[in-house]
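Down below is the structure, laid out as structure tokens.
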Amino acid sequence: MLRDTFDSAAERYDRARPRYPRPLVAELARVTDLGPDSWVLEVAPGTGQLTVPLAEFGCRLTAVELGPSLASVARRNLIAFPQVDVQVADFERWELPDDPFDLVVVATAFHWFDAREFVAKAASALRPGGRLAVVTTHHVAGGTQEFFDRMQRCYERWDPTTQPGFRSPTEDETATDTGEFERSEHFDEVTVWRGAQEITYTTDEYLDVVLTYSGHLALDEPSRRGLLACLRELLETRHGGRVTKRYLHELITTTRTGT
């Protein structure tokens, strides 16, 4: 599966993947009343991009990560937080503890799961009144948009899965379908918070980011080399070796029903 490719690039993933903006973390903490008394389950934490800021609130946290290399780096990043337990397991097969959680959170990984099954298991993991929080990350128009328009030719040449004529969607065109939460008998009070951030990369930094995406990791070696060379040439010759990328984050929260 494509989601298994991330573990082969754990150190690069930790180095290159963007951290979540502070306003998003603050909103997550506010909505869920996060604090030292909270028991949190994080699914697919990667190397701890969200885990670390959550742990800073003093909560007790269990993180379930599929990739052993990713989990190892996450443990290293979380060494200052003894209340965090990083486990290597497939969440879909992971045995839930007897005591329910106050919060279940998944960041930039929800799309890898069957939505209906994930929501059902999250409901089983939560106490009544507990929260499910889903953080999404979208690549949207903005930043150095001329580069992203021009790079299409690199992808059409080297990546056979590329949609011809693809252009970055705007923020108004981008939204996660919340229907699975709204239809669930186990949840209500669905809310969505949205916020964007722009990050400027050097050529090497940007190619580092690219090499953490599953589709790029899955390319055969000649195609991957060709794509990276094309992107490097475009950045160096047309954009001065720097590019700004715009990310749109959504925080979707919903409350476990029951008494």
Exercise. Check every one of the helices (runs of 4 or more DSSP H) wholly within region 189-253 and list those with 2 or more residues that are among the hydrophobic types (A, V, I, L, M, F, W, C) and buried (at least 16 other Cβ atoms within 10 Å of the Cβ).
Key: 203-210, 221-238
Exercise. Could you figure out which of (1) out of contact with any Ser or Thr (no Cβ under 8 Å at 6 or more places or on another chain); (2) without any contact (Cβ under 8 Å) to a residue 24 or more places away in the chain; (3) of a type in the set (D, E, K, R); (4) in a helix (DSSP H, G or I) isn't true of residue 146?
Key: (2)
Quiz item: What are the pairs, 6+ residues apart or on separate chains, where a residue within region 88-102 that is surrounded by fewer than 17 Cβ atoms within 10 Å (Cβ to Cβ) has its Cβ under 9 Å from a residue that is assigned to a loop (DSSP other than H, G, I, E, B) and among the aromatic types (Phe, Trp, Tyr)?
Solution: 92/113
Practice problem: Output the residues belonging to region 1-33 that are at pLDDT 95 or above and either of a type in the set (Val, Ile, Thr) or more than 23 Å from residue 248 (Cβ to Cβ) (or both). | Solution: 25, 31, 32, 33
Quiz item: residue 83 fails exactly one of the following numbered conditions: (1) within 23 Å of residue 56 (Cβ to Cβ); (2) touching a helix residue (DSSP H, G or I) at 6+ places or on another chain (Cβ under 6 Å). What is the number of that condition?
Solution: (2)
Practice problem: Determine which member of the set 43, 52 is under 27 Å from residue 217 (Cβ atoms), buried (at least 17 other Cβ atoms within 10 Å of the Cβ) and free of Cβ contacts under 8 Å to residues at least 40 places away in the same chain. | Solution: 52
Practice problem: Kindly list, by first and then second residue, each pair from a residue in region 20-37 that is under 22 Å from residue 199 (Cα atoms) to a residue that is among the hydrophobic types (A, V, I, L, M, F, W, C), limited to pairs with Cβ atoms under 6 Å and residues at least 6 apart or on different chains. | Solution: 20/50; 24/251; 27/193; 27/251; 28/133; 28/251
Practice problem: Could you check, for region 80-91, whether at least one of its residues is of a type outside the set (A, V, I, L, M, F, W, C), over 23 Å from residue 205 (Cβ atoms) and assigned to a strand (DSSP E or B)? | Solution: yes
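The values are calculated or read from the model by the stated rules, or taken from the named source; none is laboratory data. Nothing here was measured: the structure is a model prediction, and the numbers come from that model. Here Cβ is always computed from backbone atoms with ideal geometry, including for glycine, and neighbour counts include all displayed protein chains.
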